[in-house]
1. Please give me the summed charge of the neighbours of L278: other residues whose Cβ is under 15 Å from its Cβ, Lys and Arg +1, Asp and Glu -1.
2. Can you run phi through the Karplus equation (6.51, -1.76, 1.60; θ = phi - 60°) for region 206-222 and list ³J(HN,Hα) in whole Hz, with x for Gly and Pro?
3. Hey, can you grab everything whose amide H is under 5 Å from the amide H of G192? Only 5+ residues off in sequence or another chain; H modelled, so Pro and N-termini drop out.
4. Could you report the accessible area of L318 in Å², rounded to 10, computed with a 1.4 Å probe on the protein chains as they sit in the structure?
5. What is the set of long-range amide H partners of L138 at a cut-off below 5 Å, with H atoms built 1.01 Å from backbone N?
6. Each residue of region 167-181 in turn: what ³J(HN,Hα) in whole Hz from Karplus with 6.51, -1.76, 1.60 and θ = phi - 60°, glycine and Pro shown as x?
7. So, by mean Cβ neighbours within 10 angstrom, what's the order for 252-259, 303-310, 164-171, 227-234 with the highest one leading?
8. Using Cα-Cα distances under 8 Å and only pairs 6 or more residues apart, what relative contact order does region 277-339 have, in percent?
Amino acid sequence: MASLVYTSSNTTQSVLEPSSIACSSLTNRVDMPCRLIHYQSLVVPRRPTDDATSGLPSDRGGHVTVTTHTARAIRSSRRFGGNRRVDNLSELVQSRREGRIQVLTLNNPGRRNALSLAMREVLRVLLERVAEDVAGILITGADGYFCSGGDLRDSAGFTADETRFDHLAAIVSAIASNARPVFAAVEGGAFGAGLGIAAACDHVVCAKGGKLGAPFTKIGLSADAGLTWSLPRRIGPARANQMLIGAEALDARTALSWGLVDELADDGAVDEAAMTHLRSWLENAPLGMAASKASIADPATSLASALETEKHRQIRLLGTADSQEAVSAFGQRRVPQFRGR
């Protein structure tokens with residue numbers, strides 16, 4: 001059974017001490033287990049003025065928690081032309097609130113928002129520690145481009161170990177198993193790991209001039225970022241072969257006809273279109289959406305098991321306050337006010 005994402009208060013972890021993250025309250029009410037993650041971290045300074053808007057875990061002294069791998073990656077980026085400061089981690093992935101929606105913006109525009117090791121960890125933290133009152137998440141890219149994939153230059157200054165892939169796996173898992181709807185706004189292009197992030201989302205809005213591809217085999221690699229799972233589910237095995245083995249890129253209209261993206265918008269208007277559509281989803285009951293997402297992310301292997309899972313989830317949902325609110329609103333001919341309870 002698929003697990004849902006979890007939340008935690010913004011607290012600073014002690015140096016090299018493991019931490020655990022508490023489950024979201026959404027999880028327990030629909031009988032879906034949640035994962036706990038433990039990892040080592042160190043504390044580095046950051047600007048206290050960033051704390052209120054970044055969404056990154058910090059303490060009252062203005063420190064942000066990152067792992068030792070991330071700190072090493074940032075130091076390496078300086079040697080190879082990077083100009084990021086350790087105390088500006090919130091700039092790697094910008095986080096802001098638009099009402100009940102958390103907007104996460106990949107922000108490495110000089111490299112078309114390629115995912116450095118530091119960016120991967122910051123995005124992972126933001127996705128794993130979404131505030132409990134957030135109802136939906138929108139992932140987008142800075143300066144008119146979604147994501148060009150992994151930042152190959154980022155690995156030049158240190159040994160590429162499992163950490164970068166662990167962060168990427170955690171990102172995709174947090175998207176696919178999140179209790180909330182997660183949208184991707186793809187402007188410009190989504191390639192490699194960027195495509196994996198978009199394909200894991202519940203709904204992808206793509207610019208009409210956008211391009212999408214997974215050119216791993218062109219550089220001697222195979223797919224990552226969950227693409228061997230998400231692409232066959234979205235476009236079928238045969239077409240997934242064309243993209244993952246043949247390294248064929250798609251224009252936006254072809255991606256729409258194949259089912260790789262769900263909606264097209266004019267160039268420059270993708271974020272607005274995605275935000276509008278996401279808000280329409282948020283009119284639905286959050287517990288019902290969470291249960292539906294879990295069923296789709298981890299589908300039953302037979303009709304009998306699907307019917308059994310549906311029965312148990314429906315019984316639990318029928319006992320929620322939101323279900324009673326829907327019945328009352330229907331009888332009173334008004335719009336229901338769902339609270340995720």
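1. Numbers: positive: R96, R97, R100, R180, R279, K293; negative: E98, D202, D262, E263, D271, E272, E283.
Neighbour charge sum, excluding L278 itself: -1.
2. Values per residue, Gly and Pro as x: 10, 5, 4, x, x, 10, 9, x, 9, x, 4, 5, 6, 10, x, 10, 10 Hz.
3. G213, A214
4. Result for L318: roughly 110 Å² accessible.
5. Counting only residues 5 or more places away or on other chains, the set is Q102, V103, L104, F183.
6. These are the phi-based 3J(HN,Hα) values: 4, 5, 4, 5, 4, 5, 5, 5, 6, 5, 9, 5, 5, 8, x Hz.
7. 164-171, 227-234, 252-259, 303-310
8. Values: 27 pairs, mean separation 22.5, N = 63.
For region 277-339, the relative contact order is 36 percent.
The values are calculated or read from the model by the stated rules, or taken from the named source; none is laboratory data. If you're wondering where the values come from, they're calculated on a predicted model, not measured in any experiment. Glycine also receives a Cβ, built like all others from the backbone with ideal geometry; neighbour counts cover every protein chain displayed. With ligands, DNA and RNA removed, areas are computed over all heavy atoms of the protein, side chains included. Shrake-Rupley method; radii C 1.70, N 1.55, O 1.52, S 1.80 Å.
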